[in-house]
Amino acid sequence: MNIMKRLLSIGLSLLLAIPVAADEGMWLLPLLKQQKFPEMQALGLKLQDYDIYSPDSASIKDAVVIFGGGCTGEIVSPDGLLLTNHHCGYGQIQKHSSVEHDYLTDGFWAMTRAEELPNPELKVTFIDKIEDVTDYVLKELEKDLDPNSMNYLSPAYLNGLAVEKAGEQFLQDNPGTEVEIKAFYGGNKYYMFTKKIYSDVHLVGAPPSSIGKFGADTDNWMWPRHTGDFTVFRVYADANGNPAEYSEQNVPLRLKRWLKISLKGVQENDFAMMMSFPGRTNTYYTSWEVAERRDIDNTVRINIREIRQQVILEEMLKDPVVRIQYSSKYAGSTNAYKNSIGSNWAINKRDFEQVKQAEQDRLADWSVRMNKPEYREALAVLERIVKDREDLRFRSWMLDEAISRGIEFTRVPSAVEPLTEALKKKDHEAQKSELERLSNGYYRFADKDYSFMVDKKIAKVLLKEYRWLIPADKQPAYFQVIDKQFKGDVDGFIEYLFRTSIFGSEEHFKKFYDRPSVKVLENDPMILFAQSVQQEKQYLADALKDFDASYAQAHRTYVKGLLDMYGDRANFPDANFSLQLTYGQVKGYVPRDAVYYDCQTTLEGVMEKEDPDNWEFVVPQRLKELYLAKDYGPYGMKNGRMPVNFCATTHSTGGNSGSPVLNANGELIGLNFDRNWEGVGGDIQYLPDYQRSIIVDIRYVLFIIDKYAGAGYLLEKMDLIH
């Protein structure tokens, strides 16, 4: 073969090896025009790039927000009305709920602005500006002479640079404004985000859980789906439109951009795009990390959460008080649990280990041809690190899932030395102050959503599982008491903790508060338990941290190698909860042989799933009445059915919850709320034949607001496109 044919062959093989599928990717908005925009237009997009993102004028970007700390929301009216998922607003709904006013079960609808419910700790974040600051950051990093420094990935360091670049005066002159620099591509590129954060956000409306969580845990991560997963909030500001803490004088935020809403519906193969704040993906995992994720991270989580969730569910079904207390905790736990199961299915189904190994082999061969040995060396370092940290990682995951997360009393206030010293010195002022601090810590732990009885039952089963899987000499030191004093009787040990600790009941704590004692503090078994767990957690964190610098450096080099080999057009960065865009088509799929799932579900499916004896599939009477009367207003389809959900090939992950899903004209057609079971592995490797985003149809959202709840006034300022 002559040299020309050889080069053509190499070029063709690399082109075929480029790992991006047609709908794959979570793309950065400033790079959209040069990377993906022609492909989006070829798929049906009718907008210009500046309609989606413009650094100089209002664009769709300005109507998309971070909701709270982990979801996306969208502005749908000029007076600050915001839509997100029911599960994103679930914590707020729960906080406003009680047995007397059970908004989780019954739903909530403010019929006037005066009835809207404020949420003191909730924030909504707008992105004002996105700047490429790679050159600036790299220049500053040159000043760092420490070869093991991780400043190139450090949020604290990077955000310090952001403040320097923006200037203190700019931040002072713009209330509620913050700046943040984020690393992309393993620290090979950097962007600065200028954010405006609003902290007066009111709950306006929420459907009952029988709509907003219809199907609950059984249907979670599943398609076909029939869930009205949405909640309505409103953002408030001061009279000048600036962020402000809650005040009765605040007014609805007047915005420069909000989303138009399409009532035209969707059809198979329609263009769809989603703008959001995806949380985390692992596109640049090596084959060794794929195996680590499957065999340690996911396997531990699946095992431990299944045990814990069984206890919680049994108690929730027995007692409505416990149901309200633990509904949000249970939902959060099962969400990650099912994710891990789906992730392992995908890893094995599509042999992600081999996919990543093939990519590593291509890079290794390419690096030889291009005389870039650093890429092969980086791969060798990554392989060694993953092997060397295996035992520590397993122990860390077990401690976190089974003890720190699983058993709530591990979070009792255990830093009691200042109170002990105050008691010994008989310093009454300090004693009073420290007792108050201890009391605040206790009531943060044992709040209205905590049950001593439930935590005790969970602790018994999880501690047994932990001690079975972790050798005794690698457990927290205090756990030796179980064998030495209780002859291995975990149940008796847990009963002893609750019977004797000052944190074992509210009565115990009040008794100690009235008559504090140094001896009681120094010997309290729950405090000793919590301290021992924290010590073990810190030991494992420190031991694992020893791998961080070498891993980060090798990973950065590995990703740089892929960028060099493939070129920028073929590579999107891993998600890091920054504003990104994904696009695809409304499309069904074939989950297994001889089975096809359509892309659209309807209210008929809700009625088919109805089971009045199963809390997950109860259908409200009002919804049944509307269904029987076919009273769908302008929201029904031409065939006489009421749309509920649809699915699309958009590439999504955690953080995409609540994301606006837009049609070719940039009009809102739905809210993303889940992924299908078969597509969870897309956090590592996109699965074009399987991966689907699950979306609540905007027509169902409006139908529930208007026809079901009778809150049609909320639609009056929306731009509805018929």
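The values are calculated or read from the model by the stated rules, or taken from the named source; none is laboratory data. Please read these numbers as outputs of a predicted model, since none were measured by experiment. Reconstructed Cβ throughout: ideal geometry from the backbone, glycine too, with neighbour counts over all protein chains shown. Note: areas computed on protein heavy atoms with side chains; ligands, DNA, RNA excluded. Shrake-Rupley method; radii C 1.70, N 1.55, O 1.52, S 1.80 Å.
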State all residues of the range 709-722 that are small (Gly, Ala, Ser) and surrounded by fewer than 21 Cβ atoms within 10 Å (Cβ to Cβ); if no residue qualifies, say none.
-> 710, 711, 712
Scanning the range 63-85 residue by residue, those open to solvent by less than 10 Å² (accessible area, probe 1.4 Å) and either at pLDDT below 95 or not in a loop (DSSP other than H, G, I, E, B) (or both) turn out to be 63, 64, 65, 67, 72, 73, 74, 75, 81, 82, 83, 84
Taking residue 531, is it open to solvent by less than 50 Å² (accessible area, probe 1.4 Å), out of contact with any His (no Cβ under 9 Å at 6 or more places or on another chain) and not in a helix (DSSP H, G or I)?
-> no
Check off (1) within 30 Å of residue 321 (Cα to Cα); (2) assigned to a helix (DSSP H, G or I); (3) not small (Gly, Ala, Ser) for residue 481 and give me the number that stays unchecked.
-> (1)
Have a look at 282, 240 and point out the one that is among the polar types (S, T, N, Q) and either modelled with pLDDT of 95 or more or open to solvent by less than 20 Å² (accessible area, probe 1.4 Å) (or both).
-> 282
Leading residue by the ranking (surrounded by the fewest Cβ atoms within 10 Å (Cβ to Cβ)) among those in the range 535-554 that are part of a helix (DSSP H, G or I) and acidic (Asp, Glu) = 542
Test: residue in the range 199-210 that is farther than 22 Å from residue 72 by Cα and either outside any loop (DSSP other than H, G, I, E, B) or touching a Lys or Arg at 6+ places or on another chain (Cβ under 9 Å) (or both) | yes
Scanning the range 440-458 residue by residue, those modelled with pLDDT of 95 or more and open to solvent by less than 20 Å² (accessible area, probe 1.4 Å) turn out to be 450, 451, 454, 455, 458
Subset of the range 36-52, residues open to solvent by less than 30 Å² (accessible area, probe 1.4 Å), modelled with pLDDT of 95 or more and in contact with a Gly (Cβ under 9 Å, 6 or more places away or on another chain), comes to 45, 47, 52
Counted residues, the range 341-361 - those being open to solvent by less than 20 Å² (accessible area, probe 1.4 Å) and without any contact (Cβ under 8 Å) to a residue 24 or more places away in the chain = 0
Filtering the range 578-617 down to residues that are in a loop (DSSP other than H, G, I, E, B) and open to solvent by less than 50 Å² (accessible area, probe 1.4 Å), which residue is farthest from residue 42 (Cα to Cα)?
-> 614
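Report, by residue number, each residue of the range 181-199 that is charged (D, E, K, R) and under 15 Å from residue 161 (Cα atoms).
Result: 182, 189.
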Of all the residues that make up the range 506-528, how many are farther than 30 Å from residue 395 by Cα and either open to solvent by less than 20 Å² (accessible area, probe 1.4 Å) or within 33 Å of the chain's Cα centre (by Cα) (or both)?
-> 2
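Taking the range 675-708 only, how many residues are more than 18 Å from residue 605 (Cα to Cα) and either at pLDDT below 95 or open to solvent by 20 Å² or more (accessible area, probe 1.4 Å) (or both)?
18
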Any residue in the range 210-230 that is open to solvent by less than 10 Å² (accessible area, probe 1.4 Å), over 18 Å from the mean Cα position of the chain (by Cα) and charged (D, E, K, R)?
-> no
Kindly indicate whether any position in the range 297-307 is of a type in the set (A, V, I, L, M) and at pLDDT below 95.
-> no
For the range 54-72, indicate whether the set of residues that are touching a strand residue (DSSP E or B) at 6+ places or on another chain (Cβ under 7 Å) and of a type in the set (Ser, Thr, Tyr) is non-empty.
-> yes
Of all residues making up the range 243-254, the number that are open to solvent by less than 30 Å² (accessible area, probe 1.4 Å) and either of a type outside the set (S, T, N, Q) or under 26 Å from the mean Cα position of the chain (by Cα) (or both) = 4
